[in-house]
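Just below is one structure, and these are the notes that go with it.
The values are calculated or read from the model by the stated rules, or taken from the named source; none is laboratory data. Remember, it's a predicted structure, so these values are computed and weren't measured experimentally. Reconstructed Cβ throughout: ideal geometry from the backbone, glycine too, with neighbour counts over all protein chains shown. The protein model used for the area step is the full one, side chains on, heavy atoms only, and it has no ligands, DNA or RNA in it. Shrake-Rupley method; radii C 1.70, N 1.55, O 1.52, S 1.80 Å.
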Amino acid sequence: MKSVCFIFNKPPYGQGSGKELLDICLMCSAFEMPITVIFQGDGVLQLIENQQPDILNIKNYSKTFKALKLYGVETVLIDAAGLEKHQLVTENILNIGEIANSKIIQNVIQKTDFSIML
Amino acid sequence: MATFSLLITANPYSNQGQYSALEFTKAVLEAGHIIKRIFFYADGVLVANRLNCPPADELNLTKSWAKLAIEKDIELTVCVTAALKRGIVNQAEAERNALTSESIDPAFELSGLGQLTEAMLASDRLVTFG
Amino acid sequence: MKTLFILNNPTNLSACLEAIAKEDALLLIEDAVIIARKNIEYKHISLFALKEDLIARGINNTDASWELINYGKFVELTLAFDKSVTWL
């Protein structure tokens, strides 16, 4: 089975791309493709705890990130440089993956058959 | 000979991505390769609106895709969820949602996101244009 | 597996380069072709820019480190590499 990597690199809610990328990810999981999810750069903002987008009448899809393991997503990587840029520490974000440097992220992107960002 | 699928999210008249994708598709076919499916997602679905009326001296992207699809027998698949939100509906969806008419160009087809995954699994390459 | 990175927005260059590994390549299209005026000297990756998009924008002073290509070569590149990532 071909593998796929999803790279989230934008903050949530200002644009729809986070939710749209997540929807493709869940569909690929339904097809049982091996999946890696990377939160890169500003994408780490998708993982901030205590998001309340319902105040904007937007669904809180960050809850689904917590369930990625249940959807069979094997690897979740969180960009260390992205966290540093936004002065975030592990206590501020959803504990759903491993903190990774750019070298590790490069290796993961190289290893998968498809990489998608939106 | 290789099999390609495209994922297009570019807004047709705000970004260049739809035009780039169109030229890329033509080059794929000219090189003798196969296009498995072109999947329109996010704002990319807006190109499927048959009511788009760009000025006569601008390229009509809807008609350009439709012409290519008919001539070369290419599947133009539009994500139904993204499309409905943006007013791109076929007859069945128009009736289901109590709308006065359909709006999708007949060269395009509404379908689910599963069609994208299925296309990936059946293709050697997926190229995104956003 | 070698990856072809496709970049269409010049403001995303530094983030995109962070993800590029040795033996990968970078292809500039659309607004990103402006980057081809400079030598970015990065990890010795191969550098390409789409000629049509340069001509359209009146950019004719590209650095020699960039190979200028047409859509036919763009298609060939996507096959010469194991996959493409469009860095949006």
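Quick notes on this structure:
- Long-range neighbours under 9 Å by Cβ, at least six apart or interchain, first residue more than 11 Å from chain A (Cβ to nearest Cβ) within segment C:1-22, second open to solvent by 60 Å² or more (accessible area, probe 1.4 Å) and among the charged types (D, E, K, R): C:Asn8/C:Asp31; C:Asn9/C:Asp31; C:Pro10/C:Asp31; C:Thr11/C:Asp31
- Residue list for segment B:39-74, restricted to those being more than 14 Å from every other protein chain (Cβ to nearest Cβ), part of a loop (DSSP other than H, G, I, E, B) and within 13 Å of B:Tyr19 (Cβ to Cβ): B:Pro54, B:Glu58, B:Asn60
- Subset of segment A:60-69 that is surrounded by 11 or more Cβ atoms within 10 Å (Cβ to Cβ) and not aromatic (Phe, Trp, Tyr) - its residue that is nearest to the other protein chains (Cβ to nearest Cβ): A:Thr64
- Scanning segment A:1-53 for residues that are assigned to a strand (DSSP E or B), under 13 Å from A:Ser115 (Cα atoms) and β-branched (Val, Ile, Thr) yields A:Val4, A:Ile7, A:Ile35, A:Thr36, A:Val37, A:Ile38.
- Subset of segment A:72-85 (residues that are under 20 Å from A:Ile24 (Cβ atoms), modelled with pLDDT of 95 or more and not in a strand (DSSP E or B)): A:Val73
- Complete set of residues in segment C:39-59 that are at pLDDT below 95 and away from every other protein chain (no Cβ under 14 Å): C:Asn39, C:Ile40, C:Glu41, C:His44
- Only one entry of B:Thr81, B:Thr25, B:Thr3, B:Thr100 meets the criterion of being under 30 Å from C:Pro10 (Cα atoms), over 11 Å from the mean Cα position of the chain (by Cα), surrounded by fewer than 17 Cβ atoms within 10 Å (Cβ to Cβ) and among the β-branched types (Val, Ile, Thr), and that entry is B:Thr3.
- Residues of segment A:22-56 that turn out to be on the phi > 0 side of the Ramachandran plot, away from chain B (no Cβ under 14 Å) and open to solvent by 50 Å² or more (accessible area, probe 1.4 Å), as a count: 1
- Among residues of segment B:100-119 that are free of Cβ contacts under 8 Å to residues at least 12 places away in the same chain, those with a Cβ under 6 angstrom from a residue that is crowded, with 21+ Cβ neighbours inside 10 Å and among the hydrophobic types (A, V, I, L, M, F, W, C), sequence gap 6+ or separate chain, pair up as B:Thr117/A:Cys28.
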